[in-house]
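Where a number appears in this text, it was derived from the coordinates with a stated rule and is not lab data. Everything numeric here is computed off the predicted structure, so don't read it as measured data. With ideal geometry, Cβ positions are generated from the backbone for all residues, glycine too; neighbour counts draw on all protein chains shown.
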Ligand code: ADP
């Protein structure tokens, strides 16, 4: 053990972050920062005889308290470093300096001189950076008189604090010190005995008590405990021997007590302990230790917290009783027991559900609601009118059980955003529950709690998230629910939407009724047909057909562009998308009924512009001249011990608002070149139809899908076989039957008109026919492909190409009559999107053309037909092929 050493008047200083090295203690530090590496190199490594350095505790700026701590701070760019002296030596001007400084290092004004016991040097690869590992032994306390810098590290003028040998010898005669020493040694001895007994080893620690002087022992013992930084500091500050001894005795005693408490608890519970309960035991120990230390004031019992939460949830009395029963069960369980966490999660749900919480409904202002609908949505006059009527009824009779609105239309036509506008008008919260692909009744109604991993259904979960019992709840894609062996979600939805039943909606997981009657339901669907009739019966369908290109253009200019710009932090000062470019996006990059892809493409342009604008702005920022020196200063101020780390706090430039610096960026106007660069080459053009019908056997149909109207090609081919019909392209039963009807009709006619002989193909025998509906991954069904199928077969057998500018739709009977079909507006719009100029429609669909905007009709030829022969007459250049043949 080191005897009192001679200290030089100056020592190189290694800062020790939030830790203290006490005399007699040994620490291992890894030095990596340039300043600490330099210090070790110059003061320890390059000296033959190992020198001494000072280890000074420093404190994080946030942990720092004002007082005896030093705040040397950063220098300005003049190169002055944080070379401020301890508080008493801090000059006035220097004090002034520190005021403006951004960051502080809080040096303690007392430290410990240390000697290196071991040094090892390493070189990091591939950077070649040198690092040191230093093992230091604390020797004696000193106080800092003045702190200055030498090269990259600090040096302090110091004065010794610990007593010299002679002073010590004299102090040891003091009766107070003698009695304090005795007391300390007794406590220390007791601790050692307890520890030795616990570890069942006979250690050599007792020998220490006999050989090491008591003032050193105090430091050594305290250094070996895990105590707070504050306590370590106060031990370091205990220069007076009496103070030091009594402090050390107190700390050793506390340590001893906590070991005893832990032991007591271990003994108590050891008997009943199983392995899986180990964690529980540790928790109990922690609680008992805290209790013993009087430390548990803020130790919130979380079950009590849960109970408080449940009390304030406002459950109806019978449910509250049920919840209390469950809570009592939970109290009796141990956290490791199976069922504990599921019971807890269940109670949390009960506590979180909005049993009574509602958003106050403000007086409904119909004019404001209309304005807001008009502001957010272009066109849709009829739909908006219907919504206003709906709101008016609610205003007159708030608890009226009006019908449930169901918006039906292709994606991206504004169904969700209209529903959200209704919520805004009613001043209610809005929540969307997606029902797409829900096949399991449990998704709506929850799983019983007996199942592992059971959960509440989507409705109850949604209510928990929205946290009020009267939100506007959007049941999205209600047509996409299906039923299978796992039950029928539609029947659960029936209960939800039935005002008589939904007062006591029973979620299997929740297992107590929940009142859904305050929820305002709105539904959306892509198509009406798949919605089960009883469900449809509860709803009022409002159709939103797709938009025409002109409507899309207006929506884009008025609504989408301003919103997209805003979402990307841009404005028209930065990015302009001219009308002509929006038109090009609509024609070449999107082929949809709604505006979702259009919005996506506009967002891509905005993103790309945002990158440009941001890059421009960065280059206009002048980097303040303080920034560079600041980082290097920070680098040098702190030595990097194992525990000493630094953070560089980013500064703004000269205190200036960064965004103001960028005000004058040039406007970016989107042109065709930018479109191609950002969105890629055009995805659609008007030539597609011509290319695809370039060979006989292909015809162009119009169908109605969940995405609105679509152009559907039909391809037919023939090969040697047994007269079979092959169909591919994921077809439903109805479409398969249509194909059979079409083939039968053509075969019958072919015999009549000798078509087969003329074309060297015997349609009746030895030929298989294959009909394919491209886009094979998309399921298709419906009767409206009848006329298209016949046209394709006639084209195949007559080896005549179908006109590429003509598309058709219509159901056909076996006798050749053409029957009307649905979705005319969408189909005509789809044809228009594809650049098709002629559309063949069943005559009885004439009335539906009223829905099609006249601008679209003006550019198209609509051919109304009664019989399939009329279709064929129009579908081929020069009229029906066999009629021509018959003429020959
Ligand atoms: P849906 O629910 O029908 O699939 P959304 O409501 O999600 O469609 O609409 C897609 C986007 O198009 C939204 O940003 C919406 O605001 C916008 N939009 C759709 N129709 C209109 C319209 N008529 N006026 C303004 N924006 C519209």
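Odds and ends about this structure:
- Residues listed by number, region 114-145, amide nitrogen under 13 Å from residue 9 label point at 7 Å toward C-beta: 145
- The overall shape of region 804-888, judged from the alpha-carbon gyration tensor, is oblate: a/c is not under 1.5, and a/b is no greater than b/c.
- Pairs of alpha carbons in region 470-613 whose separation is greater than 21 Å (percent): 60 percent
- Distance (nanometres) between label positions extended 7 Å along Cα→Cβ at residue 733 and residue 815: 2.5 nm
- Residues of region 778-800 with an amide N closer than 19 Å to a point placed 7 Å from the Cα of residue 541 along the Cα-to-Cβ direction: 781-785.
- Global form of region 348-482, assessed from the alpha-carbon gyration tensor, a/c cut-off 1.5: oblate
- Subtracting the Cα-Cα distance of residue 501 and residue 573 from 0.36 nm times their residue separation leaves 20.4 nm of extension gain.
- Distance from region 158-190 to region 440-510 (C-alpha centre basis), Å: 77 Å
- Computed from label points 7 Å out along Cα-Cβ, the spacing between residue 719 and residue 684 is 3.3 nm.
- Residue 182/residue 127 FRET efficiency (R0 60 Å; Cβ-Cβ; nearest 0.05): 0.60
- Annotation: peptides 105-111, 552-558, ranked by per-residue average of other Cβ atoms within 10 Å with the highest first, follow the order 105-111, 552-558.
- For the pair residue 855 and residue 382, a Förster radius of 25 Å applied to the C-beta separation gives a FRET efficiency near 0.85, rounded to the nearest 0.05.
- Going from the fewest other Cβ atoms within 10 Å to the most, the residues 375, 867 appear in the order 375, 867.
- Cβ-to-Cβ counts within 10 Å put 826, 302, 237 in ascending order as 302, 237, 826, the fewest first.
- Sorting 384, 278 from the fewest to the most surrounding beta carbons within 10 angstrom yields 278, 384.
- If R0 is taken as 41 Å, the Cβ-Cβ distance between residue 240 and residue 284 corresponds to a FRET efficiency of 0.50.
- Extended-chain gain in nm, criterion 0.36 nm per residue less alpha-carbon gap, residue 862 and residue 616: 83.3 nm
- Stretch gain in nm, segment residue 778-residue 322, where the contour uses 0.36 nm per residue and the Cα spacing is subtracted: 159.2 nm
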